[in-house]
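> Right, I'll just put the structure down here and ask away after.
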Amino acid sequence: MATRLFEDRAHAAFYQKYRFSPQENLQGVIFSYLEEKRVSPGQLAVDVGCGSGQSARMLAKHFEKVVGTDISEAQIEQARRAPHPPNVSYLVCPAEELPFEDGSVDLVTAFAAAHWFDGPRFLREVERVLKPSGCVVFSSYNLDMRLCYKDCSDELTEIFREIQAQLFSFKNEKIKLVENNYQEIFDSLPFQEKKRMTDIFDKIPLSVAEIIGFIQSLTSYRRHLKIQPEEAKSLLQNTERR
Ligand SMILES: C[S@@+](CC[C@H](N)C(=O)[O-])C[C@H]1O[C@@H](n2cnc3c(N)ncnc32)[C@H](O)[C@@H]1O
């Protein structure tokens, strides 16, 4: 079943401001694979679950046309509002019903999104819309991140792990797919040729305010805020102070 946790406008605004787009090393891995398979440069790429558009914009240089799709109107509103190249457009639609012709798409991507979809229905749509020579890329960062700053990296990482532990009980079931590094999603792909790549590391400079903003964009934090608003806010304040 599709999961709808991204409908709220405040959440979409945190997304637009604090979620990072796929970074240099991840982009390198993806585009060298697509070039090797002669999919990039190509005509049409569809970025499913595009959120506020970070990942769709990244594809613009490599495809004549990029369409970012998302089930959440609030996310698509943010994506349309953010500056984007003229060959990128956005559509509100479920991943399980993609409004594209059979065999018309060179590349289907889903960044930090495939785990939210109804897997079997989505994959049937992917098979239908892809050209015979087409490719899919599903990617997600996991939450096992390290925070690095001068000689207090261990301490900062520990604080980040603690907040994750405190948000544990508010986590959606589907996050397990991320924690297992997309192994189940990879196994379910119905393609003869497929490749799974893990341990791709990127460094992202973030201020404390940006880390706090990132935490506020997490679905587990949004759920905590909804159920126990005062506790959620004080968790955030304590984390920021530390
Ligand atoms: C974690 S966000 C990722 C957004 C973006 N791709 C990124 O890299 O930041 C997941 C997105 O998937 C969307 N989503 C969840 N279920 C969906 C579905 N069934 N169909 C389409 N989009 C969906 C959500 O609305 C949300 O914007």
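The values are calculated or read from the model by the stated rules, or taken from the named source; none is laboratory data. Small disclaimer: the values here were computed from a predicted structure and weren't measured. Positions of Cβ are backbone-derived with ideal geometry, glycine not excepted, and every protein chain shown enters the neighbour counts. Calculation scope for accessible area: heavy atoms of the full protein, side chains included, ligands and nucleic acids excluded. Shrake-Rupley method; radii C 1.70, N 1.55, O 1.52, S 1.80 Å.
> Could you count how many residues in the range 106-155 are open to solvent by 20 Å² or more (accessible area, probe 1.4 Å), of a type in the set (Gly, Ala, Ser), in contact with a strand residue (DSSP E or B) (Cβ under 8 Å, 6 or more places away or on another chain) and within 16 Å of the ligand (Cβ to nearest atom)?
2
> Being in contact with a Lys or Arg (Cβ under 6 Å, 6 or more places away or on another chain) and either assigned to a helix (DSSP H, G or I) or acidic (Asp, Glu) (or both) is the filter here, so list the residues in the range 214-242 that pass it. Break it down into steps so the answer makes sense when it comes.
In the first step, residues of the range 214-242 are kept if they are in contact with a Lys or Arg (Cβ under 6 Å, 6 or more places away or on another chain); the result is 217, 220.
Scanning the range 214-242 gives a single hit, Ser220.
> Let me ask something else about it. Among what's in the range 10-29 and is of a type in the set (S, T, N, Q) and more than 8 Å from the ligand (Cβ to nearest atom), pick the residue that is surrounded by the most Cβ atoms within 10 Å (Cβ to Cβ). Please lay out each step first, then the result.
So the first thing to find is which residues in the range 10-29 are of a type in the set (S, T, N, Q), and the list is 16, 21, 23, 25, 27.
Next, only the ones that are more than 8 Å from the ligand (Cβ to nearest atom) stay: 16, 23, 25, 27.
Numbers: Gln16: 20, Gln23: 15, Asn25: 12, Gln27: 16.
The residue in question is Gln16.
> So which residues in the range 53-79 are touching a helix residue (DSSP H, G or I) at 6+ places or on another chain (Cβ under 6 Å), more than 7 Å from the ligand (Cβ to nearest atom) and open to solvent by less than 20 Å² (accessible area, probe 1.4 Å), if there are any at all? It would help to see each step written out before you state the result.
Step one: list which residues in the range 53-79 are touching a helix residue (DSSP H, G or I) at 6+ places or on another chain (Cβ under 6 Å), which gives 53, 66, 68, 70, 74-75, 78.
Adding the requirement that they be more than 7 Å from the ligand (Cβ to nearest atom) leaves 53, 66, 68, 74, 78.
Once the filter is applied, which keeps residues that are touching a helix residue (DSSP H, G or I) at 6+ places or on another chain (Cβ under 6 Å), more than 7 Å from the ligand (Cβ to nearest atom) and open to solvent by less than 20 Å² (accessible area, probe 1.4 Å), the range 53-79 yields Gly53, Val66, Gly68, Ala74.
> For the range 40-76, what are the residues that are in a loop (DSSP other than H, G, I, E, B) and either over 16 Å from Ala114 (Cα atoms) or touching a residue at least 40 places away in the same chain (Cβ under 8 Å) (or both)? Before you say what the answer is, go through the steps one by one.
The first filter runs over the range 40-76 and keeps only residues in a loop (DSSP other than H, G, I, E, B), leaving 40-41, 49-53, 60-62, 71-72.
Matches in the range 40-76: Ser40, Pro41, Gly49, Cys50, Gly51, Ser52, Ala60, Lys61, His62, Ile71, Ser72.
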